[in-house]
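Notes follow the structure.
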Ligand code: SF4
């Protein structure tokens, strides 16, 4: 039995369930990376000034560039039900699209305020589509922070596009989850070298380039937070290939292996293609490994990437896992990852921030991976931290990024050492 198979035969770890105050961004944050990927799309948040502040400070505003996101601010009259917010929204959308003829998909993004006043953005999208199709398609989804974490914004956006995807029975691989263009190109080259194809990515670089889906579609997941999208694709006939996520040399090899098995690629060819790439990735990680091996890491629940990243840090960089928190545990999305976790790991689902901080203070980890709001106070208490949101904004997938990914975790420790802390 090899190392991977031996780990996979163990029982899944015990989970601590927590319900209390949460410290996470809302789903609007997803616009930051989605608008970079979907180059023909515009994201119009229908929300309050708070929503506008969040999205502007998260995405940055360049005064000379025309950003592809904005907020239609609901006024007191809208919130009090004194004005027909639907009519006004429609007028704004038409005006916006006249000014921006290069936009072919307009996302209407719901927020806490639009949900509280029950503004039906789905209906607004229907009415606009009746006017604007085929030139522009309008798609509605929710980025509200009520009961959701920030990466669910991507899941909601992709889920809203699934009904629009054409049907196909062709055997094809569909990689689900937003990845940077450079990562998409690298992964495409790996599939090509293996002989796996045709391969499509969802989302593609243009929102209008919707891949087809159907009984021949095999899904390979690039991000662990798109559970609703995956279930919608499965309902349209697709099959989910279970695999760990492509983080690090081991994770990427196992991820590619799942596709290679579905395409019945001979083991010798798989080895010949992946071995040199994995070797290069291991060499790129070696420096960070010397820094991180034996160190203890604590993950606060934030991005939903915690379980795959903890597996990577433990198995490839030798770190011990004190606690791995995740906003919600979607077992279907992480089943292959759970099998690779050490049996004694503490997993926690949900958040009770005070209790979790007490556990951080009691265990004094060498590194705490957490949201922005918790990082500074913990640093002030002498603890090294890493912002989990950086792991969503930075290309971290595949062999070519393995060294950079390891470096992201090693840098806070190096910095503290240089400062003599
Ligand atoms: S959607 Fe909700 S949580 Fe997000 S910025 Fe707006 S009000 Fe705040």
State the three equivalent ellipsoid semi-axes of the stretch 27-148, derived from the C-alpha gyration tensor as the square roots of 5 times its eigenvalues, in descending order and whole Å. 20, 19, 13
Under a crude label model (7 Å from the Cα following the beta-carbon direction), how far is residue 361 from residue 169 in nanometres? 6.4 nm
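If you wrap a convex hull around the Cα atoms of the stretch 275-408, how much volume per residue is inside, in Å³?
Normalising the Cα hull of the stretch 275-408 by residue number yields 108 Å³.
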For the chain, averaging the sequence separation of alpha carbon pairs under 8 Å that lie six or more residues apart and dividing by its residue count, the contact order in percent is 19 percent
Stretched fully, the stretch from residue 344 through residue 91 gains (0.36 nm per residue minus C-alpha distance, one decimal, in nm) 85.3 nm
Fewest first, what order do 74, 413, 164 take by the number of other Cβ atoms within 10 Å? 164, 413, 74
Quick note on 352, 200, ordering by fewest other C-beta atoms within 10 Å, gives 352, 200
Where N is the number of residues in the stretch 75-146, Cα Rg divided by 2.2 N^0.38 Å: 1.11
Any idea how far apart residue 236 and residue 115 come out in nm if each label point goes 7 Å out from Cα toward Cβ? 2.4 nm
Restricting things to alpha carbons, find the Rg to Rh ratio for the stretch 179-222 using the Kirkwood radius for Rh. 0.95
Between the helical axis of 49-59 and the dominant principal axis of the chain, each derived from Cα atoms, what acute angle in degrees is found, rounded to the nearest 10? 50 degrees
Between the stretch 341-418 and the stretch 163-236, what's the alpha-carbon centroid distance in Å? 30 Å
Which of 92, 314 comes first, and how do the rest follow, when ranked by fewest Cβ neighbours within 10 Å? 92, 314
Over the chain, the sum of -39500 (n - 2.57) across DSSP H runs of at least four, divided by residue number and rounded to 500 deg cm²/dmol, gives at 222 nm -14000 deg cm²/dmol
Any idea how far apart residue 372 and residue 417 come out in nm if each label point goes 7 Å out from Cα toward Cβ? 2.9 nm
At q = 0.10, 0.13 1/Å the base-10 log of I(q)/I(0) from the Debye formula over the alpha-carbon atoms of the chain is -0.72, -1.18
Pull out the extension gain between residue 269 and residue 146, defined as 0.36 nm times the separation in residues minus the alpha carbon to alpha carbon distance; nm, one decimal. 39.4 nm
To the nearest 0.05, how large is the calculated FRET efficiency for residue 21 and residue 381 if R₀ is 25 Å and r is the Cβ-Cβ distance? 0.85
Give, to the nearest whole percent, the P(r) tail of the stretch 165-261 beyond 24 angstrom, counting all Cα pairs. 13 percent
Apply 1/(1 + (r/R0)^6) to the Cβ-Cβ distance of residue 209 and residue 130, taking R0 = 25 Å, and write down the FRET efficiency to the nearest 0.05. 0.60
Using Cα springs under 10 Å in a Gaussian network model of the chain, which residue among 408, 265, 307 shows the largest mean-square fluctuation? 265
Residue with peak Gaussian network fluctuation, the chain [Cα springs, cutoff 10 Å], from 80, 140, 72: 80
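Rule-based calculations on the coordinates, nothing more; no lab input. The structure presented is a predicted model; accordingly, all values stated were derived computationally and were not measured. So basically every Cβ, Gly included, is an ideal-geometry build from the backbone, and we count neighbours across all protein chains shown.
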